[in-house]
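What follows is one structure encoded as structure tokens, with my remarks underneath.
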Amino acid sequence: MFRIQSLLVLLAVVLCCLLGAAEPAEAEAETRKTTVYGMFRQSAQGGIELTSPQEPGVVYIPFDTGAIMGSVVGIKVRVVGVVRETVDRQGVSYRILAVDEIKPLTAEYGATTITRNQPVGLPGTDAAEVHAYHNKTCYFFPRYAVVETLASYSDGHTLRVAAHTGADSPDAVCELAQGTPLFEIPNGGDFAFAGLAGDTLLVQNGAPQEIHGLMAVDLAAGKQTLDATVAPGATVAKGRLFYTEKRPETGRKTACPAGKTAVRPMALVLKTGKAAAAGKETCWP
């Protein structure tokens, strides 16, 4: 214990010297385990530092720099450890971090690649920042994140949606470590993410090139606004979801020939969740 404390004091003194600070610094001991999503880099003084875009003005200094491999310097990482000391100097908080675990978050480690402003889902839905992992895909939007993960216990997958703030790390949200859970299909089967339009989540069930299911969920209100069987070709425009709904076997006006299905164009107002006919019944295909 005495040796560890001596090392900490020596490290704090060396840190102050490197910073060229003249006035005394206040250091406070901390023991809470923390997770940092950021990047290791080499400082101007030749040491190793860890910084995170979510924590401007904070620099983490690994306690044991010998454990930091060169292969994880300059790439995105998730680091778990305990902050042992904090030294505040000239508007920057330097935190001495005892590192427990380092996980690379770059494609060469099979973790993730990122594509920004990527169209996803039905035509007219919002573009996303897509984080593609080896076993899941995260669609990251300004307020929501949709994560589709391959289920280890079946041939299906899990679909989860979480709300997040600007202070949350995209990597942490996509790993479901941050954010507020809003919606989940635990064993998706044929369910698949079909896009996000504002606060409305769209989910398809079945092959989209055939008659299939389409569900809409108002994430802000926490309620489902649509559960319909539809023909291919749904789109979003001007705050509405336009789709072609399969008509029931009884009570329909159109008699379709064998092999064709009676359908009717519909429009769902996304803000109100109200649907109304947008055309006359026809036969599909």
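Taking a virtual spin label 7 Å from the Cα of Thr180 along the C-beta vector, which residues in segment 113-140 bring their backbone nitrogen under 20 Å of it? Zone members listed by number: 139-140. The simple spin-label model puts a point 7 Å past each Cα toward its Cβ; for Ile75 and Lys260 those points are separated by 5.7 nm.
How much length is gained if the chain between Lys103 and Thr34 is pulled fully straight, taking 0.36 nm per residue apart and subtracting their Cα-Cα distance, in nm to one decimal?
Values: separation 69, 0.36 × 69 = 24.84 nm, distance 1.39 nm.
That works out to 23.5 nm of additional length.
Longer than 28 Å from Cα to Cα, which of Lys136/Lys246; Lys136/Lys274; Lys246/Lys274; Lys136/Lys223; Lys76/Lys223 are they? Say none if no pair is. All intermediate terms of the calculation are to be shown ahead of the outcome.
Details: Lys136/Lys246 32 Å; Lys136/Lys274 33 Å; Lys246/Lys274 17 Å; Lys136/Lys223 26 Å; Lys76/Lys223 37 Å.
Pairs exceeding the cut-off: Lys136/Lys246; Lys136/Lys274; Lys76/Lys223.
Each of His134, His164 has its accessible area taken with a 1.4 Å probe; listed largest first, they run His134, His164. The accessible-area ordering, largest first, of the residues Arg160, Arg143, Arg32 stands as Arg32, Arg143, Arg160, per a 1.4 angstrom probe.
In square angstrom, what is the accessible area per residue of segment 113-232 with a 1.4 angstrom probe? Kindly include the intermediate steps, with their values, before the conclusion.
Working: 5410 Å² over 120 residues.
Accessible area per residue, segment 113-232: 45 Å².
Karplus-based coupling profile of segment 167-181, in residue order and whole Hz: 7, 7, 6, x, 5, 5, 5, 5, 8, 6, 8, 9, x, 10, x, with θ = phi - 60° in 6.51 cos²θ - 1.76 cosθ + 1.60 and x standing for Gly or Pro. Taking label positions 7 Å along the Cα-Cβ direction at both Thr282 and Asn187, the computed distance is 3.9 nm, reported to one decimal.
Peptides 199-206, 257-264, 210-217 ordered by packing proxy, namely the average of other Cβ atoms within 10 Å per residue, highest first: 199-206, 210-217, 257-264. In this structure, Val269 and Ala167 have a Cβ-Cβ separation that, at R0 = 25 Å, corresponds to a calculated FRET efficiency of about 0.20.
The values are calculated or read from the model by the stated rules, or taken from the named source; none is laboratory data. These numbers come from a predicted model, not from an experiment. Heads up, the Cβs are rebuilt from the backbone with ideal geometry, glycines too, and the neighbour counts pull from every protein chain shown. Areas reflect the complete protein model, heavy atoms only, side chains present, ligands, DNA and RNA absent. Shrake-Rupley method; radii C 1.70, N 1.55, O 1.52, S 1.80 Å.
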